[in-house]
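Asker: Just passing along the structure, written as structure tokens.
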Amino acid sequence: MNWDFIWKYLPMYGEAALLTVKIGLAGIGIAIPVGFFCAVIQYFKVALLRRIVSVYIEISRNTPLLIQLFFIYYALPKIGIPTNPSVCGVAGLAFLGGSYMAEAFRSGLEAVETVQMESALSLGLKRGQALLYVILPQAVSVSVPAFVANIIFLLKETSVFSAVSLMDLMFTAKDLIGQYYKTTESLFMLVVFYMIILLPVSILGSVLERRVRRAGFGS
Amino acid sequence: MPDLGLDVLFKGKNMLRLLGGLWTAVEISLIAVALSIPLGILLGIIMTSKNPIVKAVTRIYLEFVRIMPQLVLLFIVFFGSTGALGWNISGELASVIVFTAWGTAEMGDLVRGALISIPKHQYESAAALSLTSAQTYIYVIIPQTVRRLIPLSINLITRMIKTTSLILMIGVVEVLKVAQQIIEANRMTSPNAAFGVYLAVLLIYFILCWPISLLARRLEKKWG
Amino acid sequence: MADELLTAEHLVKRFDDNTVLDDVSLSVKKGEVIVVVGPSGCGKSTLLRCLNALEPIQGGKITLDGEAVVYGSKNLAAIRQKIGMVFQSYDLFPHLSVLDNILLAPVKAQKRKKDEAAAEAMKLLERVGLADKAKSFPRQLSGGQKQRVAIVRALCMHPVMMLFDEVTAALDPEMVREVLDVMLNLAKQGMTMIIVTHEMQFAKAIADRVVFLENGEIIEDTDPNTFFEHPQTERAKQFLNIFSFERSKKDEKN
């Protein structure tokens, strides 16, 4: 292992990792509200919108992110929708993530007994109030594990960004392998940086999951 | 009506070529799934062992394979085998190795989850009916785990197919690569070919994965 | 008939092809306690749920205090504030303490001041013997305690009437009594109530009128004495027979 090489290119990896995280978080940040609204639309069975949401979810979940990115980056400009690598990365991740987050929220909402909604309504609360004060607090805590799993999944998915010429970790590793043939060092740093990004989220996830499963409310 | 470059799809054997590219990816997925299922079942059973060393080793394997992006694993096997070991393995072989390793980890975790989710009283009531432990497994436990596992395994197939799109990145000629070639070849006559061709690729993946997802969901509802 | 609080006329409720309520008419006077009995699946619970517009109806009309109760209508939230409802189980909000469970609707739906509502809630909790549980969470309570809290939660909205849907059906026998006592007290204070129950002794004690429902139709609607001692129909007799047993072994001595 050539440590000088590693030391020299460390800042380059750092920058690439920062880009991965930035675009990853931006995409996830949009995916969460998208998923939330989709889940609420499905929960309340809003006519028409519900159809649109389910078509979106099926397309998003049944096609690979790489193809979605190619479509956004190379195909959309042909019909007059301009894009650039960063926007494409954020949009692609949000498109993919929205449906996964929607499923996480939806399973949380469905886990709340229907009698909870009914008793809130029969107390005279409006549907919106019942959702906000009664259903959501319970649903969110149920969907925490799926929610964190999705964040890890989406951060992992960012690894395909180099396909639309974003200079992320994969791009950097491939570049260094191509230029200097320092394969072991380049791959080593690639793994280390992904560990730095993903391990804390993964640990946080299992801590939260254990807490949600064990505690419940009022203990 | 703008030119959407859809005509390119029907030119010559372009559609067939795309489907041929898809087959490469599907073939790799199917081989990997076929290997992952038995290996995963084995791993899952091993993971329920009480031996701390076995537990630790399988746990580390599982966590590493699942936390690393599949593309990183592909890079490690494809570039690493050449760079560190001097072997020159093909992109296809690297893909099969990586997707099998990943599929085995995923499947192993599912099997372990299914095994430990069978409530203790199932074993107890089987014992109370004086079934032997082999009979308990054959008639009581395994039928219940299989029902939980089949939809999840089918789901693994769609995840595998979606993930194999990554093999483009290590130079395997699959559907996206063919798509790029077609777009390149028609750049003069059909400048908007990128739209039609990538739309077609998106739809091809959708048509392939959607029915499988629906099947998995139906079985999950039926047996869940 | 000016003192009629709630009327339901010719209710028809279907789930797909299955008719659950078939031309059911019922009226409740102020201060009256009606007990609805009948075999399981006869439509008792569905009737209560329709009265509170938790289910859409396919025919008929429901009026509360002169106002129409219509599924999906705009003023439904306001109407439901006048009807307290307690369900069989699981209807306390698990993420809120007992006090917050009670205060949610008065504060959010009726926009009352929190301390004023809290003072009333504590008084009501005291009356059902649960003042010391105000800070507890539902999962720390027994089934009987939960149902008493659910009743208090409904009462705190100052409803003009209460609906009870088999509130003791999921409880252990020793807890049934404490819940029924709360309901008996409410009856004494003149609360208008419709109660669905399987507790026949309790029905006899609390009811002003007993409604016997079978296959979605009202078969008898009469005073409790007549219903339990001299049922008019063969079907009511058969139903009441379920609750009596004969010795299975002949006494040896005789």
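Asker: Just checking, does the stretch A:168-175 include any residue being at the interface with another protein chain (Cβ under 9 Å from one of its Cβ atoms), touching a residue at least 12 places away in the same chain (Cβ under 8 Å), under 25 Å from A:F70 (Cα atoms) and open to solvent by 10 Å² or more (accessible area, probe 1.4 Å)?
Answerer: As a first pass, look at the stretch A:168-175 and keep what is at the interface with another protein chain (Cβ under 9 Å from one of its Cβ atoms): A:169-170, A:173-174.
Within this subset, residues satisfying the condition of being touching a residue at least 12 places away in the same chain (Cβ under 8 Å) are A:169-170, A:173-174.
So of that shortlist, the ones also under 25 Å from A:F70 (Cα atoms) come out as A:169-170, A:173-174.
Now restrict to residues that are open to solvent by 10 Å² or more (accessible area, probe 1.4 Å): A:174.
Checked against the condition, which is being at the interface with another protein chain (Cβ under 9 Å from one of its Cβ atoms), touching a residue at least 12 places away in the same chain (Cβ under 8 Å), under 25 Å from A:F70 (Cα atoms) and open to solvent by 10 Å² or more (accessible area, probe 1.4 Å), the stretch A:168-175 yields at least one hit.
Asker: So, in the stretch A:136-169, of the ones that are part of a helix (DSSP H, G or I) and touching a Cys at 6+ places or on another chain (Cβ under 9 Å), which residue ends up nearest to A:V191 (Cα to Cα)? Give the steps one after another, and end with the answer.
Answerer: Keep residues of the stretch A:136-169 that are part of a helix (DSSP H, G or I), which gives A:136-164, A:169.
Going one step further and asking which of them are touching a Cys at 6+ places or on another chain (Cβ under 9 Å), we end up with A:161, A:164.
Details: A:F161: 16, A:V164: 21 Å.
This residue is A:F161.
Asker: Now, a different point. Is it fair to say B:S90 is among the hydroxyl-bearing types (S, T, Y), surrounded by 14 or more Cβ atoms within 10 Å (Cβ to Cβ) and closer than 22 Å to B:L168 by Cα?
Answerer: Spelling it out, it is not the case that B:S90 is among the hydroxyl-bearing types (S, T, Y), surrounded by 14 or more Cβ atoms within 10 Å (Cβ to Cβ) and closer than 22 Å to B:L168 by Cα.
Asker: Out of the stretch A:70-116, which residues are assigned to a helix (DSSP H, G or I) and within 30 Å of C:N52 (Cβ to Cβ)?
Answerer: Those that are assigned to a helix (DSSP H, G or I) and within 30 Å of C:N52 (Cβ to Cβ): A:F105, A:R106, A:S107, A:G108, A:L109, A:E110, A:A111, A:T114, A:V115, A:Q116.
Asker: Can I ask one more? Residues being of a type in the set (F, W, Y) and over 23 Å from the mean Cα position of the chain (by Cα): count how many of those fall in the stretch B:41-94.
Answerer: Adding up the residues that qualify gives 1.
Asker: Residue check: is C:E55 buried (at least 16 other Cβ atoms within 10 Å of the Cβ), under 14 Å from the mean Cα position of the chain (by Cα), acidic (D, E) and under 28 Å from C:M200 (Cα atoms)?
Answerer: Considered against the rule, which asks whether it is buried (at least 16 other Cβ atoms within 10 Å of the Cβ), under 14 Å from the mean Cα position of the chain (by Cα), acidic (D, E) and under 28 Å from C:M200 (Cα atoms), C:E55 comes out as no.
Asker: Follow-up. If a residue counts only when it is within 14 Å of another protein chain (Cβ to nearest Cβ) and within 29 Å of A:V201 (Cβ to Cβ), which helices (runs of 4 or more DSSP H) contained entirely in the stretch B:47-149 have at least 3 such residues?
Answerer: B:52-67, B:70-85, B:91-117
Asker: Now, a different point. Kindly indicate which of A:Q129, A:Q179 is over 16 Å from the mean Cα position of the chain (by Cα), away from chain B (no Cβ under 14 Å) and polar (S, T, N, Q). Talk me through it step by step, then tell me what you get.
Answerer: Details: A:Q179 fails: away from chain B (no Cβ under 14 Å).
So the residue among A:Q129, A:Q179 that is over 16 Å from the mean Cα position of the chain (by Cα), away from chain B (no Cβ under 14 Å) and polar (S, T, N, Q) is A:Q129.
Asker: Here is a follow-up. Look through C:A187, C:A117, C:A154 and report the one residue that is free of Cβ contacts under 8 Å to residues at least 40 places away in the same chain and in a helix (DSSP H, G or I).
Answerer: Checking each option against the conditions leaves just C:A117.
Asker: Within the stretch C:158-173, how many residues turn out to be within 11 Å of chain A (Cβ to nearest Cβ) and open to solvent by 10 Å² or more (accessible area, probe 1.4 Å)?
Answerer: Residues flagged as within 11 Å of chain A (Cβ to nearest Cβ) and open to solvent by 10 Å² or more (accessible area, probe 1.4 Å) within the stretch C:158-173 amount to 3.
Asker: Is it the case, given these coordinates, that B:I97 is under 30 Å from B:L30 (Cβ atoms) and more than 15 Å from the chain's Cα centre (by Cα)? Break it down stepwise before answering.
Answerer: Numbers: under 30 Å from B:L30 (Cβ atoms): yes; more than 15 Å from the chain's Cα centre (by Cα): no.
Answer is no for this residue.
Asker: Using the structure shown, decide if B:I116 is over 14 Å from the mean Cα position of the chain (by Cα), of a type outside the set (S, T, Y) and open to solvent by 70 Å² or more (accessible area, probe 1.4 Å). Explain how you work it out, then say what you get.
Answerer: Details: over 14 Å from the mean Cα position of the chain (by Cα): yes; of a type outside the set (S, T, Y): yes; open to solvent by 70 Å² or more (accessible area, probe 1.4 Å): yes.
For B:I116, the condition - over 14 Å from the mean Cα position of the chain (by Cα), of a type outside the set (S, T, Y) and open to solvent by 70 Å² or more (accessible area, probe 1.4 Å) - is met.
Asker: Checking C:L155 against (1) more than 22 Å from C:V176 (Cβ to Cβ); (2) more than 8 Å from chain A (Cβ to nearest Cβ); (3) crowded, with 18+ Cβ neighbours inside 10 Å: exactly one of these is not met. Which one?
Answerer: All conditions pass for C:L155, except number (1).
Asker: Name, by its number, the condition in (1) away from chain A (no Cβ under 13 Å); (2) in contact with a Gly (Cβ under 9 Å, 6 or more places away or on another chain) that does not hold for C:Q58.
Answerer: (2)
Asker: Moving to a separate point now. Which of the residues belonging to the stretch C:95-133 are of a type outside the set (A, V, I, L, M), more than 26 Å from A:A111 (Cβ to Cβ) and open to solvent by less than 30 Å² (accessible area, probe 1.4 Å)?
Answerer: C:P106
Asker: Sticking with this structure for a sec: Which one is least open to solvent (accessible area, probe 1.4 Å) among residues in the stretch C:134-145 that are more than 20 Å from C:A118 (Cβ to Cβ) and in a helix (DSSP H, G or I)?
Answerer: C:G144
Asker: Here's something else I'd like to know. Being open to solvent by 30 Å² or more (accessible area, probe 1.4 Å) and more than 14 Å from chain C (Cβ to nearest Cβ) narrows it down to one of A:E110, A:E185, so name that one.
Answerer: Going through A:E110, A:E185 in turn, just one is open to solvent by 30 Å² or more (accessible area, probe 1.4 Å) and more than 14 Å from chain C (Cβ to nearest Cβ): A:E110.
Asker: Okay, moving on. For the stretch B:178-208, what are the residues that are within 11 Å of chain A (Cβ to nearest Cβ) and open to solvent by 40 Å² or more (accessible area, probe 1.4 Å)?
Answerer: Matches in the stretch B:178-208: B:Q180, B:P191, B:L199, B:L203, B:I207, B:L208.
Asker: Take the stretch A:73-88 and flag every residue that is farther than 17 Å from A:F161 by Cβ and either more than 7 Å from chain B (Cβ to nearest Cβ) or in contact with a His (Cβ under 8 Å, 6 or more places away or on another chain) (or both).
Answerer: Those that are farther than 17 Å from A:F161 by Cβ and either more than 7 Å from chain B (Cβ to nearest Cβ) or in contact with a His (Cβ under 8 Å, 6 or more places away or on another chain) (or both): A:P77, A:G80, A:I81, A:P82.
Asker: Starting from the stretch B:4-18, keep only residues that are open to solvent by 40 Å² or more (accessible area, probe 1.4 Å), then list their pairs with residues that are assigned to a loop (DSSP other than H, G, I, E, B) whose Cβ atoms are within a distance under 7 Å, requiring at least 6 positions of separation or different chains.
Answerer: B:D7/B:S190
The values are calculated or read from the model by the stated rules, or taken from the named source; none is laboratory data. Keep in mind the model is a prediction, meaning the values are calculated, not measured. Positions of Cβ are backbone-derived with ideal geometry, glycine not excepted, and every protein chain shown enters the neighbour counts. Remember, those area values only see protein heavy atoms, side chains included, never the ligands or the DNA or RNA. Shrake-Rupley method; radii C 1.70, N 1.55, O 1.52, S 1.80 Å.
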